[in-house]
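Beneath this line is the structure, given in structure tokens, with notes to follow.
The values are calculated or read from the model by the stated rules, or taken from the named source; none is laboratory data. Being a predicted model, the structure only gives us computed values, none of them experimental. When we count neighbours, we look across all protein chains shown, and the Cβ atoms used for this are built from the backbone with ideal geometry, even at glycine. Please note that ligands, DNA and RNA were not included when accessible areas were found on the heavy atoms of the full protein model with its side chains. Shrake-Rupley method; radii C 1.70, N 1.55, O 1.52, S 1.80 Å.
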Amino acid sequence: MKATLILENGSVFTGTSIGSTEEKICELVFNTSMTGYQELLTDPAYAGQGVVMSYPLVGNYGVNDEDVESDRTWVEVLVVRHLSDRGSNFRCQGDLNTYLKQNNIAGVQGVDTRALTRILRNQGSMMAMLTCAEHFNVAQVMEKLRAYRVEKKVAEVTCSQAKVIPARGEQTCHAAVLDCGVPNSIIAGLTARGCKVTVLPANTAAEDILAGGYDGVVLSPGPGDPAENTAIIAEIKKLYDSSLPLFGFGLGHQLLALAVGGRTEKLPYGHRGGNIPVRDLEKGKVFITAQNHGYAVEEGSVDAAVATVSHVNVNDGSVEGLKYARPNCFTMQYDPEGNTGPMEVKYVFDRVVEIMGGAK
């Protein structure tokens with residue numbers, strides 16, 4: 001079946017439908033990873049978005065029940081050059097096309113993803129519609145695209161009630177994770193180091209967290225514009241004003257910066273992939289990281305007396321980490337779990353657990 005992808009700039013791409021045939025509207029972004037498509041599809045940070053895979057072959061190792069970052073998929077649309085019709089891997093439990101259909105993800109293959117990626121790279125992420133209709137009114141499509149917004153996604157992806165995940169092995173500390181869209185691999189990174197984790201809804205009051213007897217708080221990654229989460233930011237400020245160890249990743253990094261008076265900005269096309277170089281200024285080393293975000297902390301917006309930049313993006317110089325003057329507090333923009341890419345930055349989990357007393 002023919003599928004048509006219409007971008008808000010008027011570009012039209014046609015190909016063959018994969019997955020669901022339901023018409024979908026999304027914010028279209030691109031990801032440069034060669035692997036990790038199942039982690040990507042289940043990452044809550046992609047809520048409301050469609051993803052163009054710049055690597056031309058997708059689905060070649062199939063899908064399984066283990067490589068998921070949450071209990072459901074979040075990507076609306078998947079655009080690929082070629083979808084493998086079967087998976088070849090000892091862990092394979094099914095093919096990607098069936099997985100897309102089962103999870104109502106609309107997709108298209110046979111598209112010139114190189115040309116499409118260049119458009120998004122040069123003109124920025126934009127809204128798009130994927131349809132299997134033979135005939136459609138372009139003017140009406142453009143009107144729908146102009147009206148679509150990726151808003152209030154944190155409330156959509158967060159858990160409805162607290163849940164506890166025990167430490168693997170001997171428990172040495174207990175962390176609260178504020179769930180703004182936390183991926184499973186961040187929880188796994190903590191529990192593997194002896195940390196018991198209590199995942200809390202994003203709207204949990206700071207007073208309840210401070211009274212919970214936790215050894216520290218992790219502000220999780222998540223989707224959307226960080227500045228729209230004003231109520232959550234206000235509670236994070238109370239956590240910052242306490243003495244409880246505080247850490248943030250992805251969206252959590254941005255939310256804490258906003259809580260202390262900083263500003264965030266939307267990047268032209270974002271950072272999404274498993275091969276993004278970040279310079280650790282303290283270590284004097286460059287690490288290859290996995291990332292998925294469309295916003296960044298604006299350089300110089302956080303008072304230098306409050307926090308200093310600890311990591312920068314080698315490609316564009318954007319802020320990738322902040323070290324706070326307040327004791328036991330730091331944040332990272334990239335994904336330390338790195339399951340869709342390199343794993344050399346997992347030392348971050350060691351630091352978090354050590355600060356919370358786990359090293360003892």
Under 21 Å from LYS266, Cα to Cα: lysines that are on another chain or at least 8 residues apart: LYS152, LYS153
Residues of region 203-235 with backbone N under 19 Å of the label point set 7 Å from the Cα of ASN103 along Cα→Cβ are 221-224
Tell me, what is the FRET efficiency for ALA304 and ALA115 to the nearest 0.05, using R0 = 41 angstrom and their Cβ-Cβ distance as r? 0.40
ARG86 paired with ASP208, simple spin-label distance in nm, labels 7 Å along Cα-to-beta-carbon: 5.0
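When only C-alpha pairs under 8 Å and at least 6 residues apart count, what is the relative contact order of region 66-206, in percent?
Values: 158 pairs, mean separation 28.8, N = 141.
Normalised by residue count, the contact order of region 66-206 is 20 percent.
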Can you tell me which of GLY300, GLY36, GLY248 moves the most in a GNM of the chain? Springs connect C-alpha atoms under 10 Å apart. GLY300
Candidate aspartates and glutamates for bridging to LYS283, where Cα separation is under 17 Å - those fewer than 8 sequence places away on the same chain excluded: GLU320, GLU344, ASP350
Of the listed pairs LYS101/LYS163; LYS2/LYS101; LYS323/LYS346, those with alpha carbons more than 22 Å apart are LYS101/LYS163
Below 18 Å, Cα to Cα, which lysines can LYS144 reach? Residues fewer than 8 away in the same chain don't count. LYS24
Can you give the extra length, in nm with one decimal, that the chain gains between LEU267 and ARG149 once fully stretched, where that is 0.36 nm per residue apart less the Cα-Cα distance? 40.9 nm
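Give me the percent relative contact order of region 63-130, please, defined on Cα pairs under 8 angstrom at least 6 residues apart.
On the way: 61 pairs, mean separation 24.8, N = 68.
Over region 63-130, the number comes to 36 percent.
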Accessible surface of the chain, 1.4 Å probe, proportion on carbon and sulfur as whole %: 47
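Once the convex hull of the alpha carbons of region 230-360 is built, what does its volume come to per residue, in cubic angstrom?
Numbers: hull volume 14.1 nm³, N = 131.
In region 230-360, the Cα convex hull volume per residue is 108 Å³.
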Residue-averaged 222 nm ellipticity for the chain, from DSSP H runs of 4+ at -39500 (n - 2.57), nearest 500: -6000 deg cm²/dmol
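Using a probe radius of 1.4 Å on heavy atoms only, what accessible surface per residue do you get for the chain? Whole Å² is fine. Write down the numbers at each step before the final one.
Details: 15090 Å² over 360 residues.
On a per-residue basis, 42 Å².
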Please tell me the relative contact order of the chain in percent, rounded to the nearest whole number, where contacts are Cα pairs under 8 Å and at least six residues apart. 16
Of all DSSP beta bridges in the chain, what percent run antiparallel (nearest 5)? 60
Region 263-283 and region 1-72 have their Cα centres apart by a whole-number Å value of 22
